[in-house]
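Each reported figure results from applying straightforward, stated rules to the coordinates on display, with no laboratory input. Because the structure is a prediction, the values reported are computed rather than measured. Backbone-built Cβ (ideal geometry, glycine too); neighbour counts: all protein chains shown.
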Amino acid sequence: MKLGIIGLPNSGKSIIFEALTRNIQDVPNKSENRIGTVRVPDERVGILSKMYNPKKTIYAQVEYFIPRKQEQKKQAIWNQVRDCDALIHVIRNFTGNGLEDPTPETDFMELDQELIIADQVVVEKRLETLDTEKKRGKKYSEEEYTLLKECLSNLENETPLRKVPELAKSPALKGFTFLSGKPKLVLFNNEDTDGSMPQTKNLTDNEDCVVVRGKLEQELAQMTDEEAQEFLSEFEIAEPAMDLVIKKSYDLLGLISFFTVGEDEVRAWTIKKETIAVDAADVIHSDIKKGFIRAEVLFYDDLMSAHSYAEARKAGTVRLEGKTYEVKNGDIINFRFNV
């Protein structure tokens, strides 16, 4: 799963990327794409690892991406993030270096408008093609045509398609990868000394927003774990803001984790919410799905209450589920299968 980092010039996109990925560059090359894979902080994985002492411990992961800067039409730049599953919108909320006072709400609207226009261009072009096919008597998808007309109406009214999820998530429009239809997390990039949310009630009421202190977080990313912990304690910070951003990124994508445990490996597996057991098995290996018999399921909290798998089994909290069981966030699963 990949999230694209976007924002106006001087918003601090590269700093946020480096704070998230710990991929620090003295002078970032803006002509190159930057991609970084990050593990999702999850204390449950650490606790399970201490319990089982496995040879390997594997966390869930997400990927962050910054498109390269191009001296071309903006459409070419936006095409680089079309394959991303969600967007991180970085907004400048700091001054300095000759910059004017920050205008978070105006900056948000400016970039959001660009996404809307980029989608409008795509929709109008496709509708032109469908209209031509219609006039020539060729077969075309009436459902696609109707849905695209709805998209165009919303876009012309400056409504991003993420605000109309039934359109943005329509299977008939899946191939369009609408930019304004992607889930979005807004990051206010603040001064080092400012941890407060800006006074932009209209924006914060309608979008998922987080405050970060980018420069501070970038410095934290360069410290050892021990140094970072000492720094956080000194400033009475519960956790790095980037950990919150990563967790929110995971949630934004509609993802949850289930776990497999044992002496060889403790692992968090990533699935979409509402995934059924047989499809969760496929994430591990196609043979497990093919030969699926039952899923032995124990919820993480029940294991913690029982203190061991054996005690949980005695308490009756270990249960057998079939193919259509909807996997829950925090399920510990042992798949029974035969191939």
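At-a-glance table
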item	result
Pair E236, Q80: separation of 7 Å Cα→Cβ label points (nm)	4.2
For P(r) over Cα pairs in 10 Å bins from 0, in percent, calculated from these coordinates, the label among (i) 5, 21, 27, 23, 17, 6, 1, 0; (ii) 5, 17, 20, 19, 18, 13, 6, 2, 0, 0; (iii) 5, 23, 33, 26, 11, 3, 0	(i)
Within the chain, longest stretch free of exposed GluC sites (Glu not before Pro) [DSSP loop, at most 13 other beta carbons within 10 Å]	159-235
Residue-averaged [θ]222 nm for the chain, counting only DSSP H segments that reach four residues, each worth -39500 (n - 2.57)	-12000 deg cm²/dmol
Magnitude of the charge dipole, the chain, Cβ model with Lys/Arg +1 and Asp/Glu -1, debye to 20	1780
Charge-dipole axis of the chain as Lys and Arg at +1 and Asp and Glu at -1 on Cβ define it, positive-most pick from A118, M197, T324	T324
Magnitude of the charge dipole, region 238-297, Cβ model with Lys/Arg +1 and Asp/Glu -1, debye to 20	280
Fewest-first sequence of C84, C151 by Cβ atoms within 10 Å of each Cβ	C84, C151
Exposure proxy order (Cβ contacts within 10 Å, fewest to most) of V245, V122, V327	V122, V245, V327
Within the chain, longest stretch clear of exposed trypsin sites (Lys or Arg not before Pro) (DSSP loop, no more than 16 other Cβ within 10 Å)	170-272
Restraint check, K201/K328; K50/K314; K125/K290; K135/K273, Cα-Cα greater than 31 Å	K201/K328; K125/K290; K135/K273
Mean separation of Cα contacts under 8 Å (6+ apart) over length of the chain, as relative contact order %	19
Chymotrypsin sites (Phe, Trp or Tyr not before Pro) within region 165-271, DSSP loop, no more than 14 other Cβ atoms inside 10 Å	F235
Computed over region 127-187: relative contact order in percent, which uses C-alpha pairs under 8 Å that are six or more apart	25
Average Cα contact separation per residue, region 221-328, under 8 Å, 6 or more apart, as relative contact order %	23
Dipole axis of region 32-138 (+1 Lys, Arg; -1 Asp, Glu on Cβ), positive-most option in P54, Y64, P102	P54
Ranked L185, L244, L161, criterion: other C-beta atoms within 10 Å, fewest first	L244, L185, L161
Among beta bridges that DSSP assigns inside region 203-339, antiparallel share in %, nearest 5	95
Considering only the chain, percent of DSSP beta bridges that pair antiparallel, nearest 5	50
Set of region 79-100 residues, backbone N closer than 16 Å to the point 7 Å along the Cα-Cβ line of K273	86
